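Student: One structure coming up, written as structure tokens, with questions to follow.
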Amino acid sequence: MFKLLTIKDYIEIPPKLFGKPLKQAALEALKAKFEDLIDEKLGYLIQVVEVKEVSRGKIVKRNPSTIHKVVFTVLTFKPELQEVLNGKIIDITEFGVFVRIGPADGLIHVSQVMDDYVDYDKMRGALIGREKGKIIEIGDDVRTRIISVGKLSGVSMIAKQKISLTMRQPGLGKIGWLKKGGNENG
């Protein structure tokens with residue numbers, strides 16, 4: 001789920017930012033410190049949106065930066081169980097489909113793609129339903145539900161979180177299938 005959160009913290013403003021207005025310098029320092037981090041409680045910290053308050057700086061011995069108390073707003077994404085999300089297929093393998101959902105990627109196991117037996121077409125990079133002929137390919141837009149979330153790890157967006165998804169429930173599937181009506185799940 002995407003959220004806008006207000007956070008209180010301390011920030012170091014380095015000397016290279018001293019000539020800028022205080023809020024602008026604080027914003028740049030906050031962006032450098034917080035954007036693209038993963039926090040176990042907050043999730044993915046996507047963007048520092050606004051600096052609401054910045055205190056007067058304090059100088060600490062042997063530190064060239066000034067220390068400021070700040071209140072700021074940050075946009076976060078934390079996947080939650082049973083959450084329904086739209087995403088885009090970014091990779092397909094014989095064992096499943098990888099979907100980009102916000103700043104994270106999730107996996108739809110081949111058994112959770114559609115209500116049909118599926119074959120993997122390596123040349124085409126697609127999953128094809130045997131009976132109904134429905135096709136999932138890289139670039140397709142899909143609606144999914146989160147069925148499990150692994151623990152967050154690491155301190156950068158490079159770190160991965162295991163997110164398992166399904167498209168085998170009513171109202172889920174390839175967006176093209178949903179627009180056509182009928183059996184949405186495959």
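The values are calculated or read from the model by the stated rules, or taken from the named source; none is laboratory data. The structure displayed is predicted, hence computed values, not measured ones. Please note: Cβ atoms are built from the backbone with ideal geometry, for glycine as well, and neighbour counts cover all protein chains shown.
Student: Looking at the structure I just gave you, is Glu137 among the acidic types (Asp, Glu) and under 11 Å from Lys174 (Cβ atoms)?
Tutor: On the way: among the acidic types (Asp, Glu): yes; under 11 Å from Lys174 (Cβ atoms): yes.
Against the criterion (among the acidic types (Asp, Glu) and under 11 Å from Lys174 (Cβ atoms)), Glu137 qualifies.
Student: I'm told Glu94 meets every condition in (1) exposed (fewer than 13 other Cβ atoms within 10 Å of the Cβ); (2) of a type in the set (D, E, K, R); (3) under 30 Å from Gly106 (Cα atoms); (4) not assigned by TED's automatic domain parsing to the domain that holds Gln169 except one. Can you identify the failing condition by its number?
Tutor: (4)
Student: When residues of region 1-51 are filtered for being among the small types (Gly, Ala, Ser), over 15 Å from Gly102 (Cα atoms) and assigned to a strand (DSSP E or B), how many remain?
Tutor: In the first step, residues of region 1-51 are kept if they are among the small types (Gly, Ala, Ser); the result is 19, 25-26, 29, 32, 43.
Now narrow it down to the ones that are over 15 Å from Gly102 (Cα atoms): 19, 25-26, 29, 32.
Among the residues that remain, those that are also assigned to a strand (DSSP E or B) are: none.
Counting residues in region 1-51 that are among the small types (Gly, Ala, Ser), over 15 Å from Gly102 (Cα atoms) and assigned to a strand (DSSP E or B) gives 0.
Student: Moving on. Would you mention how many residues in region 115-148 are under 13 Å from Leu165 (Cβ atoms) and aliphatic (A, V, I, L, M)?
Tutor: Within region 115-148, the first condition is being under 13 Å from Leu165 (Cβ atoms), and the residues that meet it are 136, 142-148.
Checking which are aliphatic (A, V, I, L, M) leaves us with 136, 142, 146-147.
Number of matching residues: 4.
Student: May I pose another question? Before we move on, is Gln82 within 19 Å of Ala25 (Cα to Cα) and under 17 Å from the mean Cα position of the chain (by Cα)? Can you show your working first?
Tutor: On the way: within 19 Å of Ala25 (Cα to Cα): no; under 17 Å from the mean Cα position of the chain (by Cα): yes.
In short, no.
Student: While we're looking at this one, here's another question. Taking the criterion of being under 27 Å from the mean Cα position of the chain (by Cα) and hydrophobic (A, V, I, L, M, F, W, C), would at least one residue in region 55-68 satisfy it? Quick ask: steps written out before the conclusion?
Tutor: Taking region 55-68 as the starting set, the residues that turn out to be under 27 Å from the mean Cα position of the chain (by Cα) are none.
No, because not a single residue in region 55-68 is under 27 Å from the mean Cα position of the chain (by Cα) and hydrophobic (A, V, I, L, M, F, W, C).
Student: In addition: Among Glu12, Glu40, which is surrounded by 15 or more Cβ atoms within 10 Å (Cβ to Cβ) and either outside the structural domain of Gly102 (by TED's automatic domain parsing) or of a type in the set (Ser, Thr, Tyr) (or both)?
Tutor: On the way: Glu40 fails: surrounded by 15 or more Cβ atoms within 10 Å (Cβ to Cβ).
None of the others qualify; the one that does is Glu12.
Student: Can Glu53 be described as assigned by TED's automatic domain parsing to the domain that holds Glu40 and of a type in the set (Asp, Glu)? Steps first, answer last, please.
Tutor: Details: assigned by TED's automatic domain parsing to the domain that holds Glu40: yes; of a type in the set (Asp, Glu): yes.
Answer is yes for this residue.
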